[in-house]
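K.L.:
Once you've had a glance at the structure underneath, I'll fire off some questions.
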Amino acid sequence: MRRKLIAGNWKMNKDLQESEKLVSEIIAGLKKIEYDKSDVLICPSFVSLSDTYKQISGTPLNLGAQNMYFENEGAFTGEISANMIKSAGCKYVILGHSERRNIFHESDELINKKVIKAIDSKLTAILCVGEILEERESGKQNEVVKSQIEKGLAGVSSDKLINLVIAYEPVWAIGTGKNATPEEANEMHKFIREIISDLYNKNASDEMRILYGGSLNDKNCEELLSQSDIDGGLIGGASLKSESFLKIIETSNNI
Ligand code: 13P
């Protein structure tokens, strides 16, 4: 049985004070709801990680970073290592987000190096995949996602998959208010499971947590999260307000 994972990706939002406020609200809200069937993760900006870690200590909240570099240390101005985010309390790291791929031109090869480093560092990597609008419109979504997964996981052996989560985020659904239909999303999640089964084995595919991301909110979460192959959400906009994030957590627990 796969446990649901509800993950908030705050992207480049919330300064230190705003982060502290949002985390306080989430902690207070979690005391009032049942969420024992779901894991909850928040991924603030790098500058807020350390303070957030102190704030969430003693709560079941998990902390993640939104990116990292694959080298251990050295002359890589502006980058951050796996050890640094771990020392700030992170257990998870989001890698290959479509904004990293499209705005910062990260290649599958670079993302693969990061995935390997994250897993070797005992972080759980959340590998993001998803097609852009033109690719969906020309029916290429399966081809694109298959290639992103095969390249992203090159050299990752099956015993390492325990430290991997996949997030399917159709790029046309991110921040647009236009989510994939539950059926569209579930179909892709099933396809991703087939890819994992082909690359590894059926057991690995059955156990892989696959999150949906793209305009997931407190209104559409029930339909999306109740699909057979959707194991949680990677949530942008709706994770920036405690009410909507808490509602999604609560809903996930009742499915
Ligand atoms: P939105 O929920 O704002 O569409 O963002 C999704 C996302 O990119 C999460 O990583």
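K.L.:
Of all residues in the range 197-247, how many are of a type in the set (Lys, Arg), surrounded by 17 or more Cβ atoms within 10 Å (Cβ to Cβ) and closer than 15 Å to THR181 by Cβ?
P.N.:
Count: 0.
K.L.:
Being surrounded by 15 or more Cβ atoms within 10 Å (Cβ to Cβ) and more than 18 Å from SER57 (Cα to Cα) is the filter; apply it to the range 1-17 and report the residue that is farthest from the ligand (Cβ to nearest atom).
P.N.:
By that ranking, first place goes to LYS4.
K.L.:
When the range 78-97 is examined, which residues are found to be among the charged types (D, E, K, R) and either over 20 Å from LEU234 (Cβ atoms) or out of contact with any Leu (no Cβ under 8 Å at 6 or more places or on another chain) (or both)? Walk me through how you get there before you give the answer.
P.N.:
Here is the first cut: in the range 78-97, the ones among the charged types (D, E, K, R) are 79, 86, 91.
Scanning the range 78-97 gives GLU79, LYS86.
K.L.:
Moving on to the next point. Answer with yes or no whether LEU127 is closer than 17 Å to PHE46 by Cα, under 18 Å from the mean Cα position of the chain (by Cα), within 14 Å of the ligand (Cβ to nearest atom) and touching a residue at least 12 places away in the same chain (Cβ under 8 Å).
P.N.:
no
K.L.:
Can you say whether SER45 is over 30 Å from GLU207 (Cβ atoms) and buried (at least 19 other Cβ atoms within 10 Å of the Cβ), as far as the supplied structure shows?
P.N.:
No, not satisfied.
K.L.:
For LYS86, all conditions in the list (1) within 14 Å of the ligand (Cβ to nearest atom); (2) surrounded by fewer than 19 Cβ atoms within 10 Å (Cβ to Cβ) hold save one; what is the number of the exception?
P.N.:
The single condition LYS86 does not satisfy is (1).
K.L.:
Another question, then. Under 6 Å by Cβ, and 6 or more places apart or on different chains, what pairs join a residue from the range 96-108 that is without any contact (Cβ under 8 Å) to a residue 60 or more places away in the chain and assigned to a loop (DSSP other than H, G, I, E, B) with one that is crowded, with 17+ Cβ neighbours inside 10 Å and of a type in the set (Val, Ile, Thr)?
P.N.:
Partner pairs satisfying both residue conditions: GLY96/ILE111.
K.L.:
Residues of the range 221-255 being touching a Ser or Thr at 6+ places or on another chain (Cβ under 7 Å) and either part of a loop (DSSP other than H, G, I, E, B) or within 14 Å of the ligand (Cβ to nearest atom) (or both), which ones? Walk me through how you get there before you give the answer.
P.N.:
Of all residues in the range 221-255, those touching a Ser or Thr at 6+ places or on another chain (Cβ under 7 Å) come to 221-222, 225, 232, 238, 245, 249, 252-253, 255.
Hits for the range 221-255 are CYS221, LEU225, GLY232, ALA238, PHE245, ILE255.
K.L.:
Okay, next question. Scan the range 52-107 for residues that are closer than 26 Å to VAL145 by Cβ and acidic (Asp, Glu) and jot them down.
P.N.:
Within the range 52-107, GLU99, GLU106 qualify.
K.L.:
Another question, then. Which one of these is at pLDDT below 95 and outside any helix (DSSP H, G or I): TYR69, TYR35?
P.N.:
Criteria check complete, one pass: TYR35.
K.L.:
Within the range 38-50, which residues are in contact with a helix residue (DSSP H, G or I) (Cβ under 6 Å, 6 or more places away or on another chain) and not in a strand (DSSP E or B)?
P.N.:
Across the range 38-50, the qualifying residues are PRO44, SER48.
K.L.:
Now for a different question. Being small (Gly, Ala, Ser) and away from the ligand (no atom under 16 Å from the Cβ) is the filter; apply it to the range 135-179 and report the residue that is nearest to MET1 (Cα to Cα). Step through it out loud before you land on a result.
P.N.:
Keep residues of the range 135-179 that are small (Gly, Ala, Ser), which gives 138-139, 147, 152, 154-155, 157-158, 167, 173, 175, 177.
Okay, now just the ones that are also away from the ligand (no atom under 16 Å from the Cβ), so 138-139, 147, 154-155, 157-158.
On the way: SER138: 35, GLY139: 32, SER147: 27, ALA154: 26, GLY155: 27, SER157: 22, SER158: 18 Å.
The qualifying residue nearest to MET1 (Cα to Cα) is SER158.
K.L.:
For TYR53, state whether it is of a type in the set (Phe, Trp, Tyr), under 30 Å from GLN17 (Cα atoms) and either out of contact with any helix residue (DSSP H, G or I) (no Cβ under 8 Å at 6 or more places or on another chain) or at pLDDT below 95 (or both).
P.N.:
Yes.
K.L.:
Check off (1) out of contact with any helix residue (DSSP H, G or I) (no Cβ under 9 Å at 6 or more places or on another chain); (2) within 12 Å of the ligand (Cβ to nearest atom); (3) at pLDDT 95 or above for ARG209 and give me the number that stays unchecked.
P.N.:
That leaves (2) as the condition not met.
K.L.:
In the range 176-220, what residues are more than 15 Å from the chain's Cα centre (by Cα) and in a strand (DSSP E or B)?
P.N.:
none
The values are calculated or read from the model by the stated rules, or taken from the named source; none is laboratory data. Since we're looking at a predicted model, the values are computed, not measured. In this analysis, Cβ positions are derived from the backbone assuming ideal geometry, glycine residues included, and neighbour counts consider all displayed protein chains.
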